[in-house]
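Visitor: The structure that follows is given in the form of structure tokens.
The values are calculated or read from the model by the stated rules, or taken from the named source; none is laboratory data. What you see is a predicted model; the values in this text were computed from it and never measured. Glycine gets a Cβ as well: all are built from the backbone with ideal geometry, and neighbour counts include every protein chain shown. Accessible surface areas use protein heavy atoms only, side chains included; no ligands, DNA or RNA. Shrake-Rupley method; radii C 1.70, N 1.55, O 1.52, S 1.80 Å.
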Amino acid sequence: IFLIHHLSSIVPSQGCISGNEYITFIGQGFVSKNALYRAYFKANEGFEQSSDACVLVNETKLRCITPQWPHDAYTELTLYLECQPKANMNTCNMNKSEAVAQFTFSFEQCCTAVIPTSAGAAKSITLSIFGIGLQQFNQYQCRFSSWSHR
């Protein structure tokens, strides 16, 4: 008996271009024995990057770790899932050319550090913001708010 794969969503639908973040495929028909799942991220320009093997959570969820995206930030990547049978067994009932579902995924710029992390309210300071995918001559808007421990 083969279970037909059906993908209904991915969570989240965006991540940092540095990768190494979890995404979860939600659907039906994922099999645990003799199958290897990978997520593929593909840009319109033809760039493609795959995840390492996904981990089967249960028949309705697969968890993958996003790869590092070596190109500029993209807002409309096609994300699809591939199942490869192990040991010459036809357990997948799908292949790369038959994408079960395609989703939009965004690899985005991300902040990794802000220095200093705090300052007095009446003091004017210069902040250094570090991140991945930030462009040298672009302008960025920063928003500040108050937050306190209680």
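Visitor: Would you point out which residue out of Phe30, Phe41 is on the phi < 0 side of the Ramachandran plot and not in a loop (DSSP other than H, G, I, E, B)? Steps first, please.
Guide: On the way: Phe30 fails: not in a loop (DSSP other than H, G, I, E, B).
Just one listed residue meets the conditions, Phe41.
Visitor: Let me ask something else. Starting from residues that are touching a His at 6+ places or on another chain (Cβ under 9 Å) and farther than 12 Å from Pro67 by Cα, keep the ones in the range 41-55 and report whichever is least open to solvent (accessible area, probe 1.4 Å).
Guide: Narrowing the range 41-55 to residues touching a His at 6+ places or on another chain (Cβ under 9 Å): 43, 45, 47, 49.
Checking which are farther than 12 Å from Pro67 by Cα leaves us with 43, 45, 47.
Values: Ala43: 3, Glu45: 121, Phe47: 72 Å².
Top of the filtered list is Ala43.
Visitor: Right, next: Anything in the range 14-40 that is open to solvent by 50 Å² or more (accessible area, probe 1.4 Å) and modelled with pLDDT of 85 or more? List them, or say none.
Guide: Answer for the range 14-40, where residues must be open to solvent by 50 Å² or more (accessible area, probe 1.4 Å) and modelled with pLDDT of 85 or more: Gln14, Asn20, Glu21, Tyr22, Ile26.
Visitor: Hey, another quick one. Counting only residues that are in contact with a strand residue (DSSP E or B) (Cβ under 9 Å, 6 or more places away or on another chain), surrounded by 10 or more Cβ atoms within 10 Å (Cβ to Cβ) and in a loop (DSSP other than H, G, I, E, B), how many does the range 125-142 have?
Guide: Residues in the range 125-142 being in contact with a strand residue (DSSP E or B) (Cβ under 9 Å, 6 or more places away or on another chain), surrounded by 10 or more Cβ atoms within 10 Å (Cβ to Cβ) and in a loop (DSSP other than H, G, I, E, B): 4 in total.
Visitor: State which residue is modelled with the lowest pLDDT when the search covers only the range 125-150 and only residues that are β-branched (Val, Ile, Thr) and under 25 Å from Gly15 (Cα atoms).
Guide: Result: Ile132.
Visitor: Right, next: Surrounded by fewer than 11 Cβ atoms within 10 Å (Cβ to Cβ), over 16 Å from His6 (Cα atoms) and modelled with pLDDT under 75: which single residue out of Ala122, Ala73 fits that description? If you could, list the steps in order and put the result at the bottom.
Guide: On the way: Ala73 fails: surrounded by fewer than 11 Cβ atoms within 10 Å (Cβ to Cβ).
Exactly one of Ala122, Ala73 is surrounded by fewer than 11 Cβ atoms within 10 Å (Cβ to Cβ), over 16 Å from His6 (Cα atoms) and modelled with pLDDT under 75, namely Ala122.
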